[in-house]
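Have a look at the structure below before the remarks.
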Amino acid sequence: MTPLLDAVVVGGGPVGSFAALNLARLGAKVTVFEEHAEIGVPSHCAGHLSIRSLRSLGLYPLSGKIVENTFAQANFYSPTGTELSVHLARPVTCAVNRALFDGYLAETAEAAGVRYRLSSRVRSLLTENGFVKGVSVEQKDKREDILAKIVVDAEGISSRLLKQTGLSAFNRGGLVYAVEAEIENVKDVASDAVEVFMGKNYAPGFYGWLIPRLDGTAKVGLATRTGNPKEFLQRLMLKHPVASKQLGKARIMRMAFHSISLGGSIARAYADGFLAVGDVASQVKPTTGGGVVFGLTCARIAAEVASEAIRRGDVSSNYLGLYQKRCKEALGFDVNVMLRMRKFLNALSDEQLDAALRFCAQIGVDKALGDVEEIDFQGQTLLTVLKKPAMWAALAYFLTLYLTAHS
Ligand SMILES: Cc1cc2nc3c(=O)[nH]c(=O)nc-3n(C[C@H](O)[C@H](O)[C@H](O)COP(=O)(O)OP(=O)(O)OC[C@H]3O[C@@H](n4cnc5c(N)ncnc54)[C@H](O)[C@@H]3O)c2cc1C
């Protein structure tokens, strides 16, 4: 049977919608299947994004409703409360309301001709001799087979469909377990500053964050490699020397739990008739766990490669390998640098972290970082800031720590 659709996109998260939008703009007939009844709900994400990256994806400025706040300052704390405060010349990041952001992407995609089917769960891939030919969808107990020339898998971290192709999912060694909470009654927080709480005592293998909104509420969360994230969050809010002053009397209004894959992009995100994008392909920053910008970047590449594949009548993995190659060109260097940074941060003891933050403040690393604008492509940022003398001293300090930790 000839497929009626050029592409099926599984998942109406930001990455699925952006892939669908770009495919539609390139002339493809696309349907997105989303298992939930509403796009963007439930949300599990802090929505902290780089303004520069959003702009380069054609997504900034955004409406004032979607953008909850913008930030020109970041304060980093050790577990004992030592602080390194970086003030930037202008706002470099923003916090978006993820439900509204996802909704906006879906509306834009719909306006470009994409069809959305909500409350529709893709149960399995349809394959013929290993070649993906479409999806089997369940909606209100009704099953339907949908044929498409290509399936774009943007199912998020669950990776159920990815595994059906025989592709390997992300490395579980890089997994952290996160909690994201919305809180009210926050004290002593600058409204344009993001607070970052580092160290094993409060967030082993990751960090905690506090992202204020302009209305006095905030998003707070953390991730951890081991243990219960909710218990770590309670400890952070009640015991951390700085966070407890800001959050000790706060009230949690909503909490969500989700995992983040920090192990770098999966080795192969394509198969015959199939592309994987976003969290399912672990297109996530290993340092911060941010996956929106990397996912959107790869979604655009996926749409370009898929649309050309459809035009050529060759959606085989032979041609679709171009997707992996182009994603690697776009992200590979930065992901490799960030993987090393994450490994290094994880190896530091809380005492070493405390001493490192104190040393950085003394030698003026905060000032050296004052004109940073790029926070996603951190390998490139590192190359830029390393031109500054304060950063040479910091590099020498960290190299010594690194060599000590690995000797
Ligand atoms: C606590 C936390 C905080 C975070 N904070 C940030 C941040 O500040 N900045 C940042 O950049 N990133 C952040 N992230 C990461 C970010 O949330 C993800 O990288 C991003 O949501 C990935 O988008 P996606 O579209 O690939 O997947 P998702 O957003 O997970 O979307 C996948 C969609 O697919 C749907 N779906 C799944 N399976 C099926 C199926 N079989 N059929 C139909 N639909 C299906 C799901 O319902 C969902 O809507 C955070 C993550 C966590 C856990």
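Only one of these is in a loop (DSSP other than H, G, I, E, B) and modelled with pLDDT of 95 or more: 194, 189, 135. Name it.
Only one candidate passes the filter, namely 189.
Within region 348-393, track down each residue that is out of contact with any strand residue (DSSP E or B) (no Cβ under 8 Å at 6 or more places or on another chain), open to solvent by less than 30 Å² (accessible area, probe 1.4 Å) and either hydrophobic (A, V, I, L, M, F, W, C) or not in a helix (DSSP H, G or I) (or both).
Correct list: 348, 356, 364, 368, 385, 390, 391.
Quick one: what pairs do we get from region 297-315, first residue at pLDDT 95 or above, second surrounded by fewer than 21 Cβ atoms within 10 Å (Cβ to Cβ) and among the hydroxyl-bearing types (Ser, Thr, Tyr), C-beta under 9 Å, 6+ apart or different chains?
Listed by first residue and then by second, the contacts come to 297/56; 305/319; 308/319; 309/316; 309/319; 312/319.
Taking the options 293, 315, name whichever one is surrounded by 23 or more Cβ atoms within 10 Å (Cβ to Cβ) and part of a helix (DSSP H, G or I).
293
Can residue 24 be described as of a type outside the set (Phe, Trp, Tyr) and either assigned to a loop (DSSP other than H, G, I, E, B) or within 12 Å of the ligand (Cβ to nearest atom) (or both)?
No.
Checking residue 32 against (1) out of contact with any helix residue (DSSP H, G or I) (no Cβ under 6 Å at 6 or more places or on another chain); (2) within 16 Å of the ligand (Cβ to nearest atom), which single condition isn't satisfied?
If we test residue 32 against (1) out of contact with any helix residue (DSSP H, G or I) (no Cβ under 6 Å at 6 or more places or on another chain); (2) within 16 Å of the ligand (Cβ to nearest atom), just (1) comes out false.
Which numbered condition in (1) touching a helix residue (DSSP H, G or I) at 6+ places or on another chain (Cβ under 8 Å); (2) assigned to a loop (DSSP other than H, G, I, E, B) is the only one that residue 53 fails?
Here residue 53 meets the rest and fails (2).
Within region 127-179, take every residue that is surrounded by fewer than 20 Cβ atoms within 10 Å (Cβ to Cβ) and of a type in the set (Lys, Arg) and give me the one that is nearest to the ligand (Cβ to nearest atom).
Here the residue is 160.
Can you tell me which of 85, 119 is exposed (fewer than 15 other Cβ atoms within 10 Å of the Cβ) and in a loop (DSSP other than H, G, I, E, B)?
Going through 85, 119 in turn, just one is exposed (fewer than 15 other Cβ atoms within 10 Å of the Cβ) and in a loop (DSSP other than H, G, I, E, B): 119.
Scan region 84-93 and give yes if some residue there is within 16 Å of the chain's Cα centre (by Cα), within 14 Å of the ligand (Cβ to nearest atom) and at pLDDT 95 or above, otherwise no.
Checked region 84-93: at least one residue is within 16 Å of the chain's Cα centre (by Cα), within 14 Å of the ligand (Cβ to nearest atom) and at pLDDT 95 or above.
Which of the residues that make up region 272-292 are of a type outside the set (Gly, Ala, Ser), farther than 15 Å from residue 154 by Cβ and within 13 Å of the ligand (Cβ to nearest atom)?
285, 286, 287, 288
Going through 203, 269, 218 one at a time, which residue ends up being in contact with a Leu (Cβ under 8 Å, 6 or more places away or on another chain), within 16 Å of the ligand (Cβ to nearest atom), open to solvent by less than 10 Å² (accessible area, probe 1.4 Å) and within 30 Å of residue 146 (Cβ to Cβ)?
269
The values are calculated or read from the model by the stated rules, or taken from the named source; none is laboratory data. None of the values given here were measured: they were computed from a predicted structure. Reconstructed Cβ throughout: ideal geometry from the backbone, glycine too, with neighbour counts over all protein chains shown. To get the accessible areas, we keep the full protein, side chains included, count just its heavy atoms, and leave off ligands, DNA and RNA. Shrake-Rupley method; radii C 1.70, N 1.55, O 1.52, S 1.80 Å.
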